[in-house]
1. Looking at segment 139-176 only, could you name the residues that are among the hydroxyl-bearing types (Ser, Thr, Tyr) and at pLDDT below 70?
2. Tell me which residues, restricted to segment 250-268, are over 46 Å from the mean Cα position of the chain (by Cα) and touching a residue at least 40 places away in the same chain (Cβ under 8 Å).
3. Counting just the residues of segment 183-204 that are among the charged types (D, E, K, R) and exposed (fewer than 15 other Cβ atoms within 10 Å of the Cβ), which one comes out farthest from GLY125 (Cα to Cα)?
4. Assigned to a loop (DSSP other than H, G, I, E, B), of a type in the set (Asp, Glu) and open to solvent by less than 20 Å² (accessible area, probe 1.4 Å), is that true of ASP240?
5. Considering only segment 234-245, state which residues are at pLDDT 80 or above and more than 20 Å from TRP314 (Cβ to Cβ).
6. Filter segment 452-503 down to the residues that are of a type in the set (D, E, K, R), open to solvent by 40 Å² or more (accessible area, probe 1.4 Å) and part of a strand (DSSP E or B) and list them by number.
7. Name every residue in segment 476-492 that is among the aliphatic types (A, V, I, L, M) and within 14 Å of THR527 (Cα to Cα), in order of residue number.
8. Looking at segment 246-266 only, could you name the residues that are at pLDDT 85 or above and in a loop (DSSP other than H, G, I, E, B)?
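The values are calculated or read from the model by the stated rules, or taken from the named source; none is laboratory data. Model, not experiment: these values are computed from the prediction. Cβ coordinates were reconstructed from backbone atoms using ideal geometry, including for glycine residues, and neighbour counts include every protein chain displayed. Protein only, heavy atoms only, side chains kept; ligands, DNA and RNA dropped before computing areas. Shrake-Rupley method; radii C 1.70, N 1.55, O 1.52, S 1.80 Å.
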Amino acid sequence: MAPVEITGLSHQQLARPFRTAVFMVLAFGGVMLLMLVMAVTSSQRVLDSGVAPMQELVMMERLTSQALERAKQQLPTGHNDCHTDNQAEICEVPHLMRSVAGAAQRLLDGEGGLAGMPRSRQLEGEARGLALQLRDGAARLQTVHADGLTMTAGSLLGLQRDLMQIHQVAYRLEQAVLAQLRKELTIQQRLDLLAITATGVLMAAAVLAMFWMWARVRSAFDRLHASEARLRAYADAVPDPAYILDAHGVVLENLGHSALPDRPPPIPVGDPVSAHRAPAMAERIVATISAALESRGVQSLSTQVADMQGRLRWFEARVAPIEAVVPVDEPPEPSTRPAPDRVLWISRDVTRHIETEQALRVLNEQLEHRVEERTRELHDAAEELRRFNYTVSHDLRAPLRAVEAYMALALEEAGSCLQPGARDLLERARKSAHQLAHMVESLLNLSRIGEMPVQRTWLDLSGMARDICMAFAVDQKERHLQWEVAPDMSAWADEHLVRSVLQNLINNAVKYSAGRDPARIEVGAVTQDDGTTVFHVRDNGAGFDMARANQLFQPFTRLHSAREFPGDGIGLATVRRIVLRHGGRIWAQGQVDVGATIYFTLPGQPAQQTGSASPPVPGGR
């Protein structure tokens, strides 16, 4: 297999450590070079600035020494003419002092030194005071009378004394200037030491930076090699044919395992796709490549190609453009990036998937046909049930009413002629016919509930429950009944159906609490954590065994005998049908000789907290 193109690391990730390393080395080198140049230049400047004052000081010392030597050699000869050719040596003293005063002034002005040499800096502190004293003393000895100098013993001694003082001041000035130079050289030496230390630190930092950058580069190449290994392992593990194609469909590189029995014949590198595929298919392939290059997005294409054994198989191709390589240092804007000129083409065998889809489509068509048949059968059954209801309501109830009437008429006409046993049998037959007619009526009402439309409106359940309880209280005057109806209960439901629910539940509560004194009946609601309001009707009557709770809502199923509590066993079944029509739930909890509670929900009611505790909700109905 040809080498795989590496995409685990970008060019920026590889080039950034190199650029950083080069930049840091150049920066450290430049800083070190600048610090060395500054140190050398500063030292040279200090040395150069000390040459000029030393030249002036040497010259002043020489001139004062010459003037003192002239004064010591002069004898008290009286008047000396300084305007003749044979003038005395003492006449040179004013000229020498004039030179000394000029040199001192140059030192004060910072203009000392020879021509072409760096100027000296101005004197400061003690050195400046000595230079001023030297200049003023030399200026006093510059006077030359027109007639010459008169050298008596006293004046000669005073001249020698003045020259000696000037010589001493020049010496002291020389020492002060040397001290100032030594101080500046000491400071400069410390600065040079600091520059050398900083240079060493920078060199150490540069070495550490180089090692750090080298570690970064090695880490980058390690990740590169790991990425290459992962990509090679992926290419080896995936059995799908993969090619690198140019914009015209010419194979530039073969990446996948294409020489397998259930794969199409491989396309050699350098050949166009059109040379190995049908013309129509080759046109579709080139069009898909063009679409991927233009959109710079992944395109897909499904084709049917014969494998190496001649069997037709379905392949789904994914075509992804490969972005052109751009300079790392100058990445172009997204709008100006060069257009890609090649794509990655990966084909996957989807024959089994296509066959599964086709089989699933056939199964769906068969299922739709069966659903239509079952729907038609259900419609026919519903129609038969409606016809049965009509038959029961018209053909069955009339004979039952006739039987009941005939039995009553026979009892009335026979009177006392009948034996007590026969009279009892006729009475039982009449009651059974009446009970059967009532059961038929209840069953018809239960069946009609499924056909009645649900017309929802906002209902005041508290007011509705109070009305029903008041009616039972009037009907059961001989019993001690205690009623508790929660306020502000409301629901979005059908008024007629919900009234039937409350009527049946309160009727059961009154009926099954017949043996209690007082009988307590509670109608309330509790809002659960999810916002659902659970209504309940609770009594302290006979209760029931929770093991038989699943039979409670079945039609004509009774948990108590008719002798204990009369009824037809259809009330709770009717309640369950109405609650389900509203999309709600209903369940019950009870305990024998303690009481029972019926819970139900009516979705759509406003969330109103009317209780403090939520009832336990069983796992099933």
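1. Taking segment 139-176 and keeping what is among the hydroxyl-bearing types (Ser, Thr, Tyr), we get 143, 150, 152, 155, 171.
THR143, THR150, THR152, SER155, listed by residue number.
2. Matches in segment 250-268: PRO261, PRO265.
3. Of all residues in segment 183-204, those among the charged types (D, E, K, R) come to 183-184, 190, 192.
Next cut, exposed (fewer than 15 other Cβ atoms within 10 Å of the Cβ) only: 183, 190.
Details: LYS183: 13, ARG190: 23 Å.
The extreme case among them is ARG190.
4. Working: assigned to a loop (DSSP other than H, G, I, E, B): yes; of a type in the set (Asp, Glu): yes; open to solvent by less than 20 Å² (accessible area, probe 1.4 Å): yes.
Taking the combined requirement at face value, the residue satisfies it.
5. Scanning segment 234-245 gives ILE244, LEU245.
6. First, pick out the residues of segment 452-503 that are of a type in the set (D, E, K, R): 456, 460, 466-467, 475, 477-479, 484, 488, 494-495, 499.
Applying the additional criterion that residues be open to solvent by 40 Å² or more (accessible area, probe 1.4 Å) yields 456, 460, 466-467, 475, 477-479, 484, 488, 495, 499.
Answer for segment 452-503, where residues must be of a type in the set (D, E, K, R), open to solvent by 40 Å² or more (accessible area, probe 1.4 Å) and part of a strand (DSSP E or B): ARG456, ASP460, GLU484.
7. Pass one, segment 476-492, residues among the aliphatic types (A, V, I, L, M): 481, 485-486, 489, 491.
Passing the criteria: ALA486, MET489, ALA491.
8. Of the residues in segment 246-266, the ones at pLDDT 85 or above are 246-252.
Hits for segment 246-266 are ALA247, HIS248, GLY249.
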